[in-house]
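For reference, the structure is listed below as structure tokens.
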Amino acid sequence: LFVAIIVGIDSSYFVYYYAVFEQYQKARTQFVQTVADLAARPQNTETLQNAGVMSLLRPLLLDAVPTIQQTAALALGRLANYNDDLAEAVVKGDILPQLVYSLAEQNRFYKKAAAFVLRAVAKHSPELAQAVVDCGALDALVISLEEFDPGVKEAAAWAISYIARHNAQLSQAVVDAGVVPLLVLCIQEPEIALKRVAASALSDIAKHSPELAQTVVDTGAIAHLAQMILNPDAKLKRQVFSALSQIAKHSVDVAEMVVEAEIFPAALVCLKDPDEYVRKNVATLIREITKHNPELSQIIVNVGGVAAVIDYLGDSKGNVRLPGIMMLGYVATHSENLAMAVIVSKGVPQLAICLEEEQEDHIKAATAWAFGQIGRHTPEHAKAVAVANVFPKLLNLYLDTESSEDLQVKAKKALKSILQKCTYLPALEPLLYEAPSNILKHVICQFSKVLPHDSKARRLFVTSGGLKKVQEIKAEPGSAIQEYINAINNCYPEEIVRYYSPGYSETLLERIDNYQPV
């Protein structure tokens, strides 16, 4: 009313004009809030899209009322978050440039909502993430990472993480924008939520290539991540161990840097963490370190890592077991001594339990591979696997037509590599009756090596029916398996070999028929 008097407008008209504008503002506020509420429920998204909600929300991003701007951005983010079609509609509606422009200008509430939209679009595919990059979002997100408000930093870091996770090209774009040092600063902030998202973003950047991982290392990230491995917050520990494993996996040098951060043996405690994702990520980190060389594996063995992982396998089920199974295989593959460390720590019986219990073919395949790495070194290593009754299980997996191709290949390869070292005959003999010719060849070979030097084994081989079974094998003349059979037969008197040969009883009966008493 005072303004109306000053400018010379009739007060009654002013009240009328004011009411019209106030009503318009209330209508916009009600509309955008209702759309945001509807967008929170998945069943409404198709109806909203068909109603052309994108084009209606777009002008509201530039509304003069800040709360309307923020709520419009929130509604768009919720819609784009559901599927790539809605995210594509945001891109095609030229909404992203408006968001990026406003991101640098508006208040902290709008910045969080705008970063949410960028994240919701970028998460679906590399192409949509590239569209976010192409509209200049990275520069605006970098500015947001420098904001005082931790909520704005968190929203920006989250959007950056969703961009970087797709591929090396997008991660490199993130690195080139100068994000990594700011993320390292974020993990040093007191807010737990910000630490989580920043660690996740570093993980998503480092995972793609050695060069990107080195960029993360060069900013001093490892030392700061290492300080948080025993933080009581489980979600933070998940991201910290994920980031360390994504860094360590690329090369010996960076894996050594992770170990030198003195995270062991403290990290082994987390293999018993109540959170299964923390446990899995710790096991993954240990796997990524041990796979590189014998020296790194030996460090893990020395701090008790093998025994801790074996206990972890006993406490876990399903995919959570996988990194632990592979870790034991990697340790064993490097040397006889390291493989023996797995055996001495009772790793073979635990792997046998995994092979028996697990239903997924890829877990069984990893377990079969681990057995192959343990048993392939010496007869002593092979015996440790054989006494765990693993041969029949590996053979069944190889012969099972329902096994995946990868499982069949790994079971066959593991069986062959262990058999070629195995001299423990009680475990080999059942295979004489069950194994196909390509496996049987290796079994017969081992008997041909052991029997000439062991009289007790020769006697047992006869009384158990093994010699009789060998005579029944039909082998091509001059083949390797025929040579092995000949070597076995040479261990016995000729009449013993004839006695157990097929058709010998008929020959005796014929001689009886033809025999004329004196």
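The values are calculated or read from the model by the stated rules, or taken from the named source; none is laboratory data. Not measured: the values here are computed from a predicted model. Every residue, glycine as well, gets a Cβ built from its backbone with ideal geometry; the counts of neighbours run over all protein chains shown. Accessible surface is based on the protein model in full, side chains and every heavy atom, while ligands, DNA and RNA are left aside. Shrake-Rupley method; radii C 1.70, N 1.55, O 1.52, S 1.80 Å.
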Next on the checklist: Could you go through the range 285-304 and let me know if any residue there is within 19 Å of the chain's Cα centre (by Cα), acidic (Asp, Glu), surrounded by fewer than 19 Cβ atoms within 10 Å (Cβ to Cβ) and more than 30 Å from Ile439 (Cα to Cα).
Outcome noted: no
Item to check | Those residues of the range 366-398 which are within 25 Å of the chain's Cα centre (by Cα) and either under 22 Å from Gly305 (Cα atoms) or at pLDDT 95 or above (or both), in sequence order | outcome: Ala366, Thr367, Ala368, Trp369, Ala370, Phe371, Gly372, Gln373, Ile374
Item to check | Extreme residue, farthest from Phe31 (Cα to Cα), among residues of the range 41-76 that are at pLDDT below 80 and of a type in the set (Gly, Ala, Ser) | outcome: Ala64
Item to check | Pair list, Cβ < 8 Å and 6+ apart or interchain, from the range 343-362 residues that are touching a residue at least 24 places away in the same chain (Cβ under 8 Å) and assigned by the TED database to the domain that holds Met327 to residues that are open to solvent by less than 10 Å² (accessible area, probe 1.4 Å) and of a type in the set (Lys, Arg) | outcome: Cys354/Arg321; Glu358/Arg321
Checklist entry - Are there any pairs, at least 6 apart or on different chains, whose C-beta atoms fall under 7 Å, with the first in the range 17-46 and within 17 Å of Ala64 (Cβ to Cβ) and open to solvent by less than 50 Å² (accessible area, probe 1.4 Å) and the second outside any helix (DSSP H, G or I) and at pLDDT below 75, and if so, which? => result Arg28/Asp63
Next on the checklist: Among the residues in the range 354-366, are any surrounded by fewer than 23 Cβ atoms within 10 Å (Cβ to Cβ) and closer than 30 Å to Val450 by Cα?
Outcome noted: yes
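Filter the range 54-75 down to the residues that are hydrophobic (A, V, I, L, M, F, W, C) and closer than 17 Å to Ala120 by Cα and list them by number. Before you say what the answer is, go through the steps one by one.
So in the range 54-75, the residues hydrophobic (A, V, I, L, M, F, W, C) come out as 54, 56-57, 60-62, 64-65, 68, 72-75.
Scanning the range 54-75 gives Met54, Leu57, Leu61, Ala72, Ala73, Leu74, Ala75.
Yes/no matrix, rows are residues, columns are (1) farther than 18 Å from Val32 by Cα; (2) free of Cβ contacts under 8 Å to residues at least 40 places away in the same chain:
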| site | (1), (2) |
| --- | --- |
| Ala72 | no, no |
| Ala87 | yes, no |
| Glu105 | yes, yes |
| Lys112 | no, no |
| Ala120 | yes, no |
| Lys123 | yes, no |
| Glu127 | yes, yes |
Checklist outcome for this item: Within the range 465-518, of all residues that are modelled with pLDDT of 85 or more and either outside the structural domain of Glu434 (by the TED database) or of a type in the set (S, T, N, Q) (or both), the one most open to solvent (accessible area, probe 1.4 Å) is Asn490
Item to check | For Met228: the one exception among (1) assigned to a helix (DSSP H, G or I); (2) of a type outside the set (Val, Ile, Thr); (3) open to solvent by less than 40 Å² (accessible area, probe 1.4 Å); (4) closer than 29 Å to Val309 by Cα | outcome: (1)
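Test Ile310 against the stated conditions and say whether it is closer than 15 Å to Lys249 by Cα and within 20 Å of the chain's Cα centre (by Cα).
Details: closer than 15 Å to Lys249 by Cα: no; within 20 Å of the chain's Cα centre (by Cα): yes.
The answer is no for Ile310.
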Checklist entry - Among the residues of the range 128-180 satisfying the criterion of being outside any helix (DSSP H, G or I) and within 30 Å of the chain's Cα centre (by Cα), which is farthest from Ile192 (Cα to Cα)? => result Asn167
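Determine, yes or no, whether Arg287 is of a type in the set (D, E, K, R) and touching a Pro at 6+ places or on another chain (Cβ under 9 Å). Spell out the reasoning first.
Values: of a type in the set (D, E, K, R): yes; touching a Pro at 6+ places or on another chain (Cβ under 9 Å): yes.
Judged against the criteria, Arg287 is a match.
Could you tell me which residue of the range 433-452 is least open to solvent (accessible area, probe 1.4 Å), considering only residues that are in contact (Cβ under 8 Å) with a residue 40 or more places away in the chain and of a type in the set (S, T, N, Q)? I'd like the intermediate steps shown before the answer.
Kept after step one, since they are in contact (Cβ under 8 Å) with a residue 40 or more places away in the chain, are these residues of the range 433-452: 434-435, 437, 439-441, 444, 447-448, 451.
Cutting the leftovers down to of a type in the set (S, T, N, Q) gives us 437, 448.
On the way: Ser437: 89, Ser448: 19 Å².
For the range 433-452, the residue satisfying everything is Ser448.
Can you tell me which residue is most open to solvent (accessible area, probe 1.4 Å) among those in the range 390-432 that are of a type in the set (D, E, K, R) and either farther than 22 Å from His377 by Cβ or assigned to a loop (DSSP other than H, G, I, E, B) (or both)?
Of everything passing the filter in the range 390-432, Glu402 is most open to solvent (accessible area, probe 1.4 Å).
Scan the range 249-264 for residues that are of a type outside the set (Val, Ile, Thr) and under 17 Å from Val184 (Cβ atoms) and jot them down.
Of the residues in the range 249-264, the ones of a type outside the set (Val, Ile, Thr) are 249-251, 253, 255-257, 260-262, 264.
Within the range 249-264, Met257, Ala261 qualify.
Select from the range 85-111 the residues that are open to solvent by 10 Å² or more (accessible area, probe 1.4 Å) and of a type in the set (S, T, N, Q) and list them in ascending order. Spell out the reasoning first.
The first filter runs over the range 85-111 and keeps only residues open to solvent by 10 Å² or more (accessible area, probe 1.4 Å), leaving 85, 88-89, 91-94, 97-98, 100-101, 104-109, 111.
Passing the criteria: Gln98, Gln106, Asn107.
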Checklist outcome for this item: Within the range 263-277, residues open to solvent by less than 30 Å² (accessible area, probe 1.4 Å) and part of a helix (DSSP H, G or I) come out as Ala267, Leu268, Cys270, Leu271
Checklist entry - When both residues are 6+ apart or on different chains and their Cβ atoms are under 9 Å apart, which pairs have a first residue that lies in the range 189-210 and is farther than 18 Å from Leu170 by Cα and open to solvent by less than 10 Å² (accessible area, probe 1.4 Å), and a second that is modelled with pLDDT under 95 and not basic (Lys, Arg)? => result Leu194/Pro150; Leu194/Gly151; Leu194/Glu154; Leu194/Ala157; Leu194/Cys186; Leu194/Ile187
